[in-house]
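The values are calculated or read from the model by the stated rules, or taken from the named source; none is laboratory data. Note that this is a predicted model, so its numbers are computed, not measured. Virtual Cβ from ideal backbone geometry, glycine too; neighbours counted across all protein chains shown. Remember, those area values only see protein heavy atoms, side chains included, never the ligands or the DNA or RNA. Shrake-Rupley method; radii C 1.70, N 1.55, O 1.52, S 1.80 Å.
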Amino acid sequence: MEKNLIEKFELLDGNAIIDMNYCVITANEQMYRFLGISASVISIIESIHQVDIDDFMDVCEHLKEDEYVDMVLRMRRSDNSYRWILLHIAKFAYKSEDNEFEYLEINASDILTLKRRNMTLQDTIKVFRNSLNVKNETFMIYDYDTKRYQINSIVNNEIHNIIDMNVLNLKDKIETEHLIDDSTIDEYNAYCKDIKEGVLSYRHIFKTNILNNTSEFDTVELAVHTIYQNDKPSKAIGSIHNLSDKVIYEKEEAQKSNSKKEADSELYQFCKDSVLYKANCEFSLLLFEIDDYEEMEQQKGTSYAQNLYKIALRTTTQLVGQRGIVCDIKQNLIGIVVKDINNEVVLRAFIESLRNQISWNVLLTHDNRRITFSIGIARYPQNGLDIDIVYKKLYQALNICHMRGENRYIIYREHLHGELK
């Protein structure tokens, strides 16, 4: 009975990209934990029940480019028990001047997990709907598939539409009717750019009268988070606050001027706050660099190397999401803190997913460019209860990577790497 418990090996929205030989190119953490990461090359066929293999292969072989299909089959997870899985399979083709190949994207979820999560979500929706009603919140939703942009408020537990239209029509309306104050038009344009690019989270403050239907401009703050599905932006959801106090506006503008020279201290402070506000917290700290970055700059140019770094930074930010923090510390050095990833199996699944996701995104934009990383890792509380010591071990782990050569990660262990003071 113990193997049928789903909490420990829960699979929900496990994503993977596989080649036409059914080998996994890259996957997210959930999928790596489900399949197991011991093998250097994982074939998805090995995890499918033998009764369902022929059906799975038949579906994949008959799929045409940009087609998808859903099916239910049995898959073996890493503890050797079989689960009923809802599988979404889509076929795509990559084409460039130098390369051309087909591949499959799959999304997998345990059916029992879906049932339990659906019940939880329904309860959560009721709680948040009542909470928004009490706070009289105004919020926006943008759907990337339909291009539908909504601004809603909740009154008496009912949703009331203030705006509900195509985003292009809304943009025309704003420009034609002059609904944004000229003094904050740059901030508004930055907001539009973040939506278009699917930035994970962002905040903007500008003056508009779109909410009050008068000639007077209100100063509003939009705090937005982008929800990703299958590594693509699905919806942008944000709260809208009317900042009537000019002092608040000026304070928020001043805070936004912080540059990335403080990113390292931001990472450090995040660790300090996590320990201070949550008893028995656990997290992993990572520093990672792109190998041969300077050589890449010399051979391909600064713009080329910086573009690769931006891909790595964006992919990392999306992967970490709300579980921690990602900081652009300096050129070719990204700092990460991920909460509740402390167990070594879970940590290795995270690293495997991180490296492969970045490599895949680089492949799609830079053809056959092979990219590797040096990653230093420390863990709290395994490496100590003093954040200053843990932080030193983090940088020492990266130094060890430098000494031992590229394309590796080092998890700091005192019995191997020594104690620091």
For the pairs Lys64/Lys339; Lys173/Lys235; Lys115/Lys147; Lys207/Lys300; Lys235/Lys339, note any where the Cα-Cα span goes beyond 32 Å. Lys64/Lys339; Lys207/Lys300
From a point 7 Å beyond the Cα of Trp360 in the direction of its Cβ, which residues of the range 67-83 have a backbone N at a distance under 11 Å? none
In whole angstrom, how far apart do the alpha carbon centroids of the range 360-382 and the range 136-213 sit? 35 Å
State, to one decimal in nm, how far the label point of Asp186 lies from the label point of Asp54, with both points 7 Å from Cα in the Cβ direction. 6.7 nm
Per residue value of the accessible surface for the range 335-421 (all protein chains in place, 1.4 Å probe), Å²: 44 Å²
Checked against a 18 Å limit on the C-alpha separation, the offending pairs among Lys91/Lys310; Lys171/Lys193; Lys196/Lys232; Lys310/Lys392; Lys272/Lys392; Lys278/Lys393 are Lys91/Lys310; Lys310/Lys392; Lys278/Lys393
Distance in nm between pseudo-label sites at Glu406 and Gln331 (7 Å out along the Cβ direction from Cα): 1.7 nm
Quick check: pseudo-label points 7 Å beyond the Cα along Cα→Cβ at Ser201 and Leu121, how many nm apart are they? 2.1 nm
Have a look at Thr226, Asn189, Ile410 and report the one farthest towards the positive end of the charge dipole of the chain, computed about the Cα centre with Cβ charges (Lys/Arg +1, Asp/Glu -1). Ile410
Glu175 to Leu416: FRET efficiency via 1/(1 + (r/R0)^6), r the Cβ-Cβ distance, R0 51 Å, to the nearest 0.05? 0.25
Scanning the chain for helices, which whole DSSP H stretches are 15 Å or more long along the axis (Cα) and average -0.5 or more by Kyte-Doolittle? 50-62, 111-135, 263-277, 302-320, 344-366, 387-404
Looking at the range 179-226, which GluC sites (Glu not before Pro) are in a loop (DSSP not H, G, I, E or B) and have at most 13 other Cβ atoms within 10 Å? Glu216
With +1 on each Lys and Arg Cβ and -1 on each Asp and Glu Cβ, how big is the dipole of the range 299-345 about its Cα centre, in debye rounded to the nearest 20? 220 debye
Using r as the Cβ-Cβ distance of Lys64 and Tyr395, and R0 as 56 Å, what FRET efficiency do you calculate, to the nearest 0.05? 0.65
Quote the relative contact order of the chain in percent (integer), defining contacts as alpha-carbon pairs under 8 Å separated by 6+ residues. 12 percent
Highest-fluctuation residue, His225, His160, His88 considered, GNM on the chain with Cα pairs under 10 Å: His160
In the chain, with Lys and Arg counted as +1 and Asp and Glu as -1 at Cβ, which of these residues, Asn383, Leu308, Leu121, has the Cα nearest the positive end of the dipole, that is, farthest along it? Asn383
Fully extended contour minus Cα-Cα distance, from Ala223 to Leu385, at 0.36 nm per residue: 54.9 nm
In debye, nearest 20: dipole of the chain around its Cα centre with unit charges on the Cβ of K, R (+) and D, E (-)? 1200 debye
Answer with a single label: of (i) 65, 57, 52; (ii) 57, 48, 35; (iii) 89, 57, 36, which was calculated as Cα extents along the principal axes in Å from the structure in view? (i)
